[in-house]
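Asker: Here it is: the structure, laid out below.
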Amino acid sequence: MYADLEKRPQRKLQLSREKRQQQKRPLKKRSKNRKLPLEAAFLIYNELDLSQFNKTAANLKKENETFYRRLKLKSPKNLDEVVHQLHEEVFEHTDCLSCANCCKTTSPIFYERDVERAAKAVKLKPGEFTDKYLKRDEDGDLVFRIAPCPFLDAENYCLIYESRPNACREYPHTDRKKIQQILDLTYKNTMICPAVLEITERLKKILK
């Protein structure tokens, strides 16, 4: 789960080459003679136009809200299977390092185990980590005080990648079981994650 946050200026940080390599997602190579099966113009393999994504997401906001509201009321029995397949297809051609919009605009919710793991990574006590980086939001959840994430470096790499919260590990949740239970969250993520918007556009065509 992610929460909206106040934006802050991007700061420059450092990460080793080995750690950077661990965060790279292998992408399928594009054939020169094959057209991409992508619905959204902003999502083209590792080249992503984030400003175009924001415009597209805003234009589709009402349509997608209606789509997910109806889907929540009446979902096909094989919804998990369909969404999981779309998840695999879209993320084969998605480079999260070219985007990091989730890290720039929202915060994961921190549970006790997340705080302990992240605090250890930066050599702080859990209480010190909480005081320095976290706050309680309107729902009482622990989230980052500001955005972008304080552990996002200038090239979109995560400085605590191996110790990141579970919400970051599982984001954008389109491969989880019982997807019908989080359709409200999936709709919200169409405004944050280009891959989720792409999945949604394909899903709308399948479920016409």
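Asker: Could you tell me whether any residue of the range 158-179 is charged (D, E, K, R), surrounded by 20 or more Cβ atoms within 10 Å (Cβ to Cβ) and not in a helix (DSSP H, G or I)?
Answerer: First pass over the range 158-179, keeping only residues charged (D, E, K, R): 162, 164, 169-170, 175-178.
Retained after the next criterion (residues that are surrounded by 20 or more Cβ atoms within 10 Å (Cβ to Cβ)): 164.
Keeping just the survivors that are not in a helix (DSSP H, G or I) gives 164.
Yes.
Asker: Another question, then. Here is a list: Leu207, Leu142. Which entry is among the aliphatic types (A, V, I, L, M) and over 27 Å from Glu63 (Cα atoms)? Explain how you work it out, then say what you get.
Answerer: Details: Leu207 fails: over 27 Å from Glu63 (Cα atoms).
Of the residues listed, the single one that is among the aliphatic types (A, V, I, L, M) and over 27 Å from Glu63 (Cα atoms) is Leu142.
Asker: Just one of Val122, Val143 is crowded, with 16+ Cβ neighbours inside 10 Å and not hydroxyl-bearing (Ser, Thr, Tyr); which is it?
Answerer: So the residue among Val122, Val143 that is crowded, with 16+ Cβ neighbours inside 10 Å and not hydroxyl-bearing (Ser, Thr, Tyr) is Val143.
Asker: Which pairs turn up if I take residues in the range 62-81 that are closer than 17 Å to Leu197 by Cα and look for partners that are of a type in the set (Gly, Ala, Ser) with beta carbon separation below 9 Å, at least 6 apart in sequence or on another chain?
Answerer: Asn64/Ala57
Let's see how each residue does on (1) closer than 30 Å to Asn78 by Cβ; (2) in contact (Cβ under 8 Å) with a residue 60 or more places away in the chain:
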| site | (1), (2) |
| --- | --- |
| Asp95 | yes, yes |
| Lys125 | no, no |
| Tyr157 | no, yes |
| Ala167 | yes, yes |
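Read the figures in this text as sums done on the coordinates, not as results from a lab. Since the model is a prediction, treat every value here as computed from it, not as a measurement. With ideal geometry, Cβ positions are generated from the backbone for all residues, glycine too; neighbour counts draw on all protein chains shown.
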